[in-house]
Structure formats: C-alpha cells, structure tokens
1. Scan the range 89-102 and tell me whether some residue there is modelled with pLDDT of 80 or more, of a type outside the set (Val, Ile, Thr), more than 24 Å from Thr203 (Cα to Cα) and part of a helix (DSSP H, G or I).
2. Which is touching a helix residue (DSSP H, G or I) at 6+ places or on another chain (Cβ under 6 Å) and either β-branched (Val, Ile, Thr) or buried (at least 19 other Cβ atoms within 10 Å of the Cβ) (or both), of Thr188, Thr164?
3. Among the candidates Leu58, Leu9, Leu19, single out the residue that is of a type outside the set (Lys, Arg), closer than 19 Å to Leu223 by Cβ and more than 16 Å from the chain's Cα centre (by Cα).
4. When only residues in the range 242-260 that are among the β-branched types (Val, Ile, Thr) and open to solvent by 60 Å² or more (accessible area, probe 1.4 Å) count, which is nearest to Ile29 (Cα to Cα)?
5. I need a count of the residues in the range 136-149 that are part of a helix (DSSP H, G or I) and open to solvent by 10 Å² or more (accessible area, probe 1.4 Å).
6. Looking at (1) in contact with a Ser or Thr (Cβ under 6 Å, 6 or more places away or on another chain); (2) hydrophobic (A, V, I, L, M, F, W, C); (3) open to solvent by 70 Å² or more (accessible area, probe 1.4 Å), which one does Leu196 not meet, given that it meets all the others?
7. Can you report the number of residues in the range 50-69 which are farther than 26 Å from Gly213 by Cα and in contact (Cβ under 8 Å) with a residue 24 or more places away in the chain?
8. Report, by residue number, each residue of the range 61-80 that is under 19 Å from the mean Cα position of the chain (by Cα) and at pLDDT 80 or above.
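The values are calculated or read from the model by the stated rules, or taken from the named source; none is laboratory data. Just so we're clear, the structure is a prediction, and the values are computed from it rather than from any experiment. Glycine gets a Cβ as well: all are built from the backbone with ideal geometry, and neighbour counts include every protein chain shown. Calculation scope for accessible area: heavy atoms of the full protein, side chains included, ligands and nucleic acids excluded. Shrake-Rupley method; radii C 1.70, N 1.55, O 1.52, S 1.80 Å.
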Amino acid sequence: MEVFHAIILAIIEGLTEFLPVSSTGHMIIASALMGLESDAFVKLFTIAIQLGTILSVLVLYYKRFFKSFDFYFKLVVAAVPASILGFLFSDLIDGLLESPLTVGITLVLGGIVLLFVDGWFNQPTIDDSDEISYAQALKIGLFQCLALIPGTSRSASTIVGGMTQKLTRKAAAEFSFFLALPMMFGATVLKLKDYLDQGFQLTEKEWYLLGIGNFIGFIVAILAIKFFIGVVSKYGFKAFGWYRIIVGGIIIVMLLSGKSLEIL
C-alpha cells in the first residue's frame, strides 16, 4: 500500500461510514479498482482508520454524548450481539472482505430495503435517541448483526433497526453514529491484536499510513455527517437506495461477465 492508496481509502471511509451505503463495501470495491492486494495490512488499515471517523462523532456531538451514563449502558447493550457474532465468526467475515461479488449483492438488497423503509416506518414517536429503552437498544443491536456481511452497511442496518423502534429518521441516524463508537473501537483493537498475533509488526511506513488515513477520515467524516443529517431529515433514504442498487448492479454485471474491476 502506498500513500495514494491510503488517501483514497480514507476519503471513501470518511464519506461512507455514516451513510447507509457500506463503507467497508466501498473500500473493498476501491481496493479492487486500484489493484490493491487484500493482504493483512490492507485489512487492518480498512478497520483501523475507522478510529478517525468515530472521533468526528465525539467532536460534533460531545455535549450529548457526555450527558448520561445511562446512555452509555444502552450503547453497550446494543453493541453486544454484533460483538459476540463478530468474535465467533471472525474468520468467515475476514474471508468475505475479499469478495466484491458479496458486496455487490448486499448493496442491491440493502438498496431495495431503503427504497421502501420510509413508507414502512412513517409514524415515529421518539425524536431523541436518549429516550429509548434497554429493550429497544438491544433490538437495534440485533439489526446491527446484519452489517457483519460486507456491503450491508452498519449505518443502514442500525438506522432501519432504530426506525422499527419508532425513532425518527434523524434520531435513528444519530443513535447509529453513537453506536459506531464502541463497535469501531472494539473492532480496531481486535483486528490489531489479530495482526500482531500472526507475527506481523507495524513498520514506520505503516504507522504513517494509518496516521494519514485516520486524519483524512476524521475531516471528511465531519462533512459527511452534516450532509447526511440534512438530507435524510428532509428527503429520507430513497436516494441512497437507488445509489446502492446502481453501484451494486454494475459490480455484479461486471464480475459475472468475467471483467476485472481493476482500473489502476
């Protein structure tokens, strides 16, 4: 991996992490387009640069996030299901990270859901994610388990989960942002541990690439969150659904026709 690759992937991570389009899926696609081999460090990089994006949530929502210990416990409850499944099936998930076809399929399926989700859950009663119960937090956490499949989108699955629990689109999106913190931090720690347990050591260049990736991801994510909240509050999720369907469809057609995604 070179600096150019790190910058491109970090921009993609920052733009897509909190949008319901799958950041991991987009980075898998981008890696394939750039001809970037999915080696151990690339897999670590795509997870570890999420630290920069979650820092953007703390910066934008620091007043709300540091308001209530009860809210922290709800985040922990919501994080438990995916954490357990992620630990149990880490090898399978790791293998799926190398499959652009899996990403294409899940992008399309998730896009279809987003086309209709505004109509399915159009009578919300909760406008503040602080108001959800522990049971509702757990149910949202169960939806998050779907995001273990690359291309599904952690943001999309948790937002849809929140809407099933009567949260407004804005409240569901914000709870998804908050829930990203324990999930991404935990995923990064586990991925780094696995990397070191395999006998790898981070070189000076790799530390540099991680630093660049996290910094760029942080800046871009701040802009993306502000954009997303404005769009979803006013227009809903249909545009993101069509985007997923178009991108996923192109990937599927290309791969099934025997064409390579590599362009660089």
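1. Scanning the range 89-102 turns up at least one residue that is modelled with pLDDT of 80 or more, of a type outside the set (Val, Ile, Thr), more than 24 Å from Thr203 (Cα to Cα) and part of a helix (DSSP H, G or I).
2. Thr188
3. After ruling out the rest, the residue left standing is Leu58.
4. Ile250
5. 9
6. Single failed check for Leu196: (1).
7. So the count comes out to 3.
8. Listed by number, the residues that qualify are Leu75, Val76, Val77, Ala78, Ala79, Val80.
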